Amino acid sequence: MNRRSTELFLTIAGPALLLLVWEVLSRLEVISPFYWPAPSKLWGTAVEMFRDRGLWSDITASLWRIFAGFVIGTVPGVLLGLAMGLWWPVRIFFMPLASAIYAIPKIAILPLVIIAFGIGELSKIMIVAISIFFMIALSTMSGVLAIDDQFHDVATNLGANRWQMIVTVALPGSLPAIFTGMRLALGFALIVIVGTEFLAAKEGIGFVIWQNYQILRIKEMFVGLIITGLMGWAMNLALDVVERYAIPWRSQ
Amino acid sequence: MTLALKHEQMTGHPERGVHVVVRNTDRVFESKQGEVIALSNVNLEAKPGEFLVIVGPSGCGKSTLLRMIAGLDQPTNGSIELLAPEGKHATNSMVFHGRTLFPWLTLRGNVAYGPKMHGVNAAEAYERADELLELVGLRGFERSWPHQISEGMRQRVSLARALATDPDLLLMDEPFGALDEQTRYILQEELLRIWGDSGKTVLFVTHSIEEALMLGDRVLVMTARPGHIAREVSVPFGRPRTLTEIRANPAFAPLFQEIWSTLREEVERGGAFS
């Protein structure tokens, strides 16, 4: 086998082996088939959940919360990060705040977010936005700081003013770092939204998992888990596509 | 074709170049170890339309001098004046040392950058960029990214980018330093062809004596620690020149020797053995 097909084989082998062991142990009742239903039995459950129980609208509800929160958190995050990278007083002023808030498990601020934004959709969107805001800001800042000083000289020499410097040097120069931050933030957003939906939602993929666990519909719970994994994977692919368009000089 | 373009681009007026006057200029940097005197009492003058080369060892403050003339740095003492004809504002562009093309812009975008910053609309700026890319022999690469082309091509783009704002003064900081020998020869000849009768004043910094003699009307020899102008050499070769011609010229070896003897002392004193 050449390297490429070996890679493909190994990529598939991990998950396949896990599913196979799980399937066999469950069928032989080494592990409880009720709490650990065989993967092959989940398929029918999934079809039924999509058809009869509106699983699709739970998925779109979660995706929408993540997307909206992502936009609301990323745009100001990039702006603050640019400011922190460009002006040292801004950097020093925000750094302790950013480091402290960055370290708090974001789900812990859910009560505060609900107090501030109510129990409706807005609080779910805002907790995603708040969770990723400083992460994006810190990535953007490090991206700006990593830009070679020579580019500053070149732009000045060619007549760029301060504003043009931000738009034509600081922003594009920090885009790769911004995307690194967004990739990290995407994982965080999924964790936060599932946690939030466990606690304070009437729909969403986290709600599906928690709700079914509480009434011991274990198969349905597993379907929710698997869908969550697939959502993370799909969102990463989507970000790859956006990145290829946003950073064309990197992708060739 | 390229000659016609050249005239269109640069509107060659022999009297249009900038007169550069550097007087009694020092540049002192503050560091944790104390003061570092990068330049001490530098005096030089470049006449309008002149191709002036500054040759010196590494770390002699050549780049600092060029940056100050470009207005990117300020002298500690002394004065630097760029005098344009008819009292108009003197413009300069710098070809920087190393990899300084914006990686996030295509070659066209890089060359169009200066005009765009000066308020030229995008379509016109790109048109000018394409013409300049053709002038430096890079037609067909307009949409390439800097990382996709060779170092020699990148330096051509840097030159085109500096020319795009049609500056009265062209500052070049070891632009061919990182190139292999053959590519360097070709780019030296191309630079002379493009400079031609554009009337632009050129200040060119290098550590290569041969390059200095190949390009310059005059060569200033700079010494290190602190940097100052130690010697001035007039280059007697006519134009257009080629490297083979000037190497065969009986005046070449004595001039080379004259510059090298000044430099050698300095390199042995300060640079190579420290």
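The values are calculated or read from the model by the stated rules, or taken from the named source; none is laboratory data. These numbers come from a predicted model, not from an experiment. Every residue, glycine among them, receives a Cβ derived from its backbone with ideal geometry; neighbour counts consider all protein chains shown. We work out accessible area using only protein heavy atoms, side chains counted, and drop any ligands, DNA or RNA first. Shrake-Rupley method; radii C 1.70, N 1.55, O 1.52, S 1.80 Å.
Taking the stretch B:21-49, which residues are under 30 Å from B:S198 (Cβ atoms), of a type outside the set (S, T, N, Q) and out of contact with any Ser or Thr (no Cβ under 7 Å at 6 or more places or on another chain)?
Selection gives B:V21, B:V22, B:L44, B:E45, B:K47.
In the stretch A:208-252, how many residues are among the acidic types (D, E) and either open to solvent by 80 Å² or more (accessible area, probe 1.4 Å) or within 14 Å of another protein chain (Cβ to nearest Cβ) (or both)? Lay out the reasoning, then the answer.
Pass one, the stretch A:208-252, residues among the acidic types (D, E): A:220, A:240, A:243.
Okay, now just the ones that are also either open to solvent by 80 Å² or more (accessible area, probe 1.4 Å) or within 14 Å of another protein chain (Cβ to nearest Cβ) (or both), so A:243.
The qualifying residues number 1.
Taking the stretch A:98-123, which residues are open to solvent by 30 Å² or more (accessible area, probe 1.4 Å) and touching a Gly at 6+ places or on another chain (Cβ under 8 Å)?
Listed by number, the list holds a single entry, A:I107.
Across the stretch A:132-155, what is the number of residues that are within 11 Å of chain B (Cβ to nearest Cβ) and either within 24 Å of the chain's Cα centre (by Cα) or open to solvent by less than 10 Å² (accessible area, probe 1.4 Å) (or both)? Reasoning before the result, please.
So the first thing to find is which residues in the stretch A:132-155 are within 11 Å of chain B (Cβ to nearest Cβ), and the list is A:147-155.
Adding the requirement that they be either within 24 Å of the chain's Cα centre (by Cα) or open to solvent by less than 10 Å² (accessible area, probe 1.4 Å) (or both) leaves A:154-155.
Residues that pass the stated criteria total 2.
At pLDDT below 90 and either over 19 Å from B:L52 (Cβ atoms) or assigned to a loop (DSSP other than H, G, I, E, B) (or both): is that true of B:S198 in this structure?
yes
Looking for something among the small types (G, A, S) and crowded, with 23+ Cβ neighbours inside 10 Å - is there at least one such residue anywhere in the stretch B:123-135?
yes
Within the stretch A:124-131, identify whether any single residue is over 20 Å from A:G69 (Cα atoms) and either open to solvent by less than 60 Å² (accessible area, probe 1.4 Å) or out of contact with any Leu (no Cβ under 7 Å at 6 or more places or on another chain) (or both), and answer yes or no. Explain how you work it out, then say what you get.
Of the residues in the stretch A:124-131, the ones over 20 Å from A:G69 (Cα atoms) are none.
No.
Against the definition (of a type outside the set (K, R), part of a helix (DSSP H, G or I) and at pLDDT below 95), how does B:L187 come out, yes or no? Working first, answer last.
Values: of a type outside the set (K, R): yes; part of a helix (DSSP H, G or I): yes; at pLDDT below 95: yes.
When the stated conditions are applied, B:L187 passes them.
Please enumerate the residues belonging to the stretch B:104-143 that are assigned to a loop (DSSP other than H, G, I, E, B), more than 9 Å from chain A (Cβ to nearest Cβ) and either closer than 21 Å to A:L175 by Cα or touching a Gly at 6+ places or on another chain (Cβ under 6 Å) (or both).
Within the stretch B:104-143, B:R143 is the sole residue that qualifies.
Can you pull out every residue in the stretch A:156-175 that is open to solvent by less than 20 Å² (accessible area, probe 1.4 Å) and in contact (Cβ under 8 Å) with a residue 60 or more places away in the chain?
Those that are open to solvent by less than 20 Å² (accessible area, probe 1.4 Å) and in contact (Cβ under 8 Å) with a residue 60 or more places away in the chain: A:A170, A:S174.
Can you name every residue in the stretch A:156-167 that is more than 18 Å from A:L80 (Cβ to Cβ) and more than 7 Å from every other protein chain (Cβ to nearest Cβ)?
Within the stretch A:156-167, the subset more than 18 Å from A:L80 (Cβ to Cβ) is A:156-161, A:164.
Within the stretch A:156-167, A:N161 is the sole residue that qualifies.
If you scan the stretch B:224-236, which residues turn out to be assigned to a loop (DSSP other than H, G, I, E, B) and more than 16 Å from B:E258 (Cα to Cα)? I'd like the intermediate steps shown before the answer.
Of the residues in the stretch B:224-236, the ones assigned to a loop (DSSP other than H, G, I, E, B) are B:224-226, B:235-236.
B:A224, B:R225, B:P226, listed by residue number.
Name, by its number, the condition in (1) of a type outside the set (S, T, N, Q); (2) more than 17 Å from the chain's Cα centre (by Cα); (3) crowded, with 17+ Cβ neighbours inside 10 Å that does not hold for B:E35.
(3)
Tell me yes or no: at least one residue of the stretch B:55-69 is open to solvent by 50 Å² or more (accessible area, probe 1.4 Å), of a type outside the set (G, A, S) and either modelled with pLDDT of 90 or more or touching a helix residue (DSSP H, G or I) at 6+ places or on another chain (Cβ under 6 Å) (or both). Spell out the reasoning first.
To start, the set of residues in the stretch B:55-69 that are open to solvent by 50 Å² or more (accessible area, probe 1.4 Å) comprises B:58-59, B:67.
With the extra rule that they be of a type outside the set (G, A, S), the set shrinks to B:67.
Checking which are either modelled with pLDDT of 90 or more or touching a helix residue (DSSP H, G or I) at 6+ places or on another chain (Cβ under 6 Å) (or both) leaves us with B:67.
The answer is yes, given that some residue of the stretch B:55-69 is open to solvent by 50 Å² or more (accessible area, probe 1.4 Å), of a type outside the set (G, A, S) and either modelled with pLDDT of 90 or more or touching a helix residue (DSSP H, G or I) at 6+ places or on another chain (Cβ under 6 Å) (or both).
Could you list, ordered by first residue, the pairs with Cβ atoms under 8 Å in which the first is in the stretch B:167-195 and closer than 22 Å to B:K62 by Cα and the second is among the β-branched types (V, I, T) and open to solvent by 20 Å² or more (accessible area, probe 1.4 Å), at least 6 apart or interchain?
Partner pairs satisfying both residue conditions: B:P167/B:T91; B:D168/B:T91; B:L169/B:T91; B:F176/B:T183.
Could you please find all residues in the stretch A:76-97 being touching a residue at least 60 places away in the same chain (Cβ under 8 Å) and either open to solvent by 70 Å² or more (accessible area, probe 1.4 Å) or more than 16 Å from A:M135 (Cβ to Cβ) (or both)?
Answer for the stretch A:76-97, where residues must be touching a residue at least 60 places away in the same chain (Cβ under 8 Å) and either open to solvent by 70 Å² or more (accessible area, probe 1.4 Å) or more than 16 Å from A:M135 (Cβ to Cβ) (or both): just A:L86.
Just give me the residues in the stretch B:130-169 being of a type in the set (A, V, I, L, M), over 15 Å from B:P115 (Cα atoms) and touching an Asp or Glu at 6+ places or on another chain (Cβ under 8 Å), in sequence order.
B:V136
Mind telling me which of the residues B:G177, B:G119 ends up being open to solvent by 10 Å² or more (accessible area, probe 1.4 Å) and more than 17 Å from the chain's Cα centre (by Cα)?
None of the other options fit; the residue is B:G119.
Any residue in the stretch A:64-75 that is open to solvent by less than 50 Å² (accessible area, probe 1.4 Å) and charged (D, E, K, R)? Steps first, please.
Filtering the stretch A:64-75 for residues open to solvent by less than 50 Å² (accessible area, probe 1.4 Å) gives A:65-66, A:68-70, A:73-74.
Keeping just the survivors that are charged (D, E, K, R) gives A:65.
Checking the stretch A:64-75: at least one residue is open to solvent by less than 50 Å² (accessible area, probe 1.4 Å) and charged (D, E, K, R).
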